[in-house]
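A single structure is presented below for examination.
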Amino acid sequence: MTRKPRHHALPAGATRPNFLAVLITCSAIGVLVLNFQLEPARAVSRNTAARPVISQIAPRAASPESAGDTSAENGDSTGEQENSSAMLGTVCRGRVALLLNIALLEDGIRMLEKHPGYTANFHKQEWLDEAEELTELQTIEIKNRHKPFSVYMHWLNGDAGREVLFVEGQHGNKMVVHAGGNGLKSKLTLSIAPDSSIAMGESRHPITQAGLLNLAKTMAQFRRRDLAHGDSVECCMGQEQLFNERPCYSFTLNFQDEEIEADYRKSVVLIDKEWSIPVLVQNFGWYDTEDEEMAKLTPEQLDEETFLEYYAFSNINFETELRSDDFEKDSPKYRF
């Protein structure tokens, strides 16, 4: 079966104001009154997350041999089945859903900009085009400061112990990377450009695009673009789901035109109901429509074969006081 290779970089807690909750409620009621086409309540396949490695909304490890379930050892509930309730049906769709998606993201951006930064656990899994392989699910402790843009990452599994530090305007605008692991490798510290072939060989997006604020701004930018191409973008707002024991709005976007959305055929997004921030994103790529084997696949199998990206944030803490030494290479708490 043939998948189309994709390797493009994306262009890059306060309580939500009551008006937004009212807007969502009124819009949902309006949808029913106006007889928008609704899907009957149904359960989505467990394979929605595309591959067996992430066969649920909540992330799971690649396999017992390669990774194991990291949720228990890291004290993180994102791997639990009960935290990924099935999508029960469509609340609204089309332009209404797209406008609600944009309103939520813009509200989340305002909330994030009121905070200097946060700590969280970041979960990611990606299809790497050049290597033609799916990475194992990675769980990474992250500290993110908004100004100056600063990111510290510490791997909890896979290359456990790996550390990455990036501070805008420092270290020649390069990442400082401590390899982690054991033996001589554990003593290795490198300076790597975020967009270098070495860095991009292990990630679909550079560290300069990392973090919740960058993610929310990027998504809002593309959803505003989608408004101008309504016929080519199907946006559905599903019923509320739980992720990491927090209620979330759910959205599924299907793109019909590869010329408008070159990277993604489909995107599934969960937006935290209280904070209006995207806490989970799954993206699926295009495929060769002339491939007869692909044409025979069910929608779930097609998602499996075209899976590109899984990103999620759990245990987000906006109250943690980030200090200057949290983003200093020579801090005694790090091993650079």
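Residues of segment 284-333: accessible area per residue at 1.4 Å, in Å²?
56 Å²
Quick query: amide H of Arg93 versus all other amide H atoms, modeled in the peptide plane; which residues come in under 5 Å with a sequence gap of 5 or more or a different chain?
Met237
Describe numerically, in nm with one decimal, the distance between label points set 7 Å from Cα along Cα→Cβ at Glu300 and at Phe336.
Each label point lies 7 Å from its Cα, and together they span 4.6 nm.
As I understand it, the dipole of segment 190-258 uses +1 on the Cβ of Lys and Arg and -1 on the Cβ of Asp and Glu, about the Cα centre. Which of Ala193, Ser232, Phe251 lies farthest toward its positive end?
Projecting each Cα onto the dipole axis, the largest value belongs to Ala193.
Can you tell me the order of 119-126, 188-195 when each peptide is scored by its average per-residue count of other Cβ atoms within 10 angstrom, highest first?
Final packing ranking: 119-126, 188-195.
Further question on the same structure: With a 1.4 Å probe and all protein chains kept in place, how much accessible area does Asp303 have, in Å² rounded to the nearest 10?
10 Å²
Accessible area of segment 140-266 with a 1.4 Å probe: how many percent of it is carbon plus sulfur?
50 percent
Can you list the HN-Hα couplings for segment 103-111, worked out from phi with the Karplus curve (6.51, -1.76, 1.60; θ = phi - 60°), rounded to whole Hz and with x for Gly and Pro?
Coupling constants for segment 103-111: 4, 5, 4, 5, 5, x, 4, 4, 5 Hz.
Rolling a 1.4 angstrom probe over the protein heavy atoms, how many square angstrom per residue are accessible across segment 137-209?
Normalised by residue count, the accessible surface of segment 137-209 is 45 Å².
The values are calculated or read from the model by the stated rules, or taken from the named source; none is laboratory data. Keep in mind it's a predicted model, so treat the numbers as computed, not measured. Backbone-built Cβ (ideal geometry, glycine too); neighbour counts: all protein chains shown. To get the accessible areas, we keep the full protein, side chains included, count just its heavy atoms, and leave off ligands, DNA and RNA. Shrake-Rupley method; radii C 1.70, N 1.55, O 1.52, S 1.80 Å.
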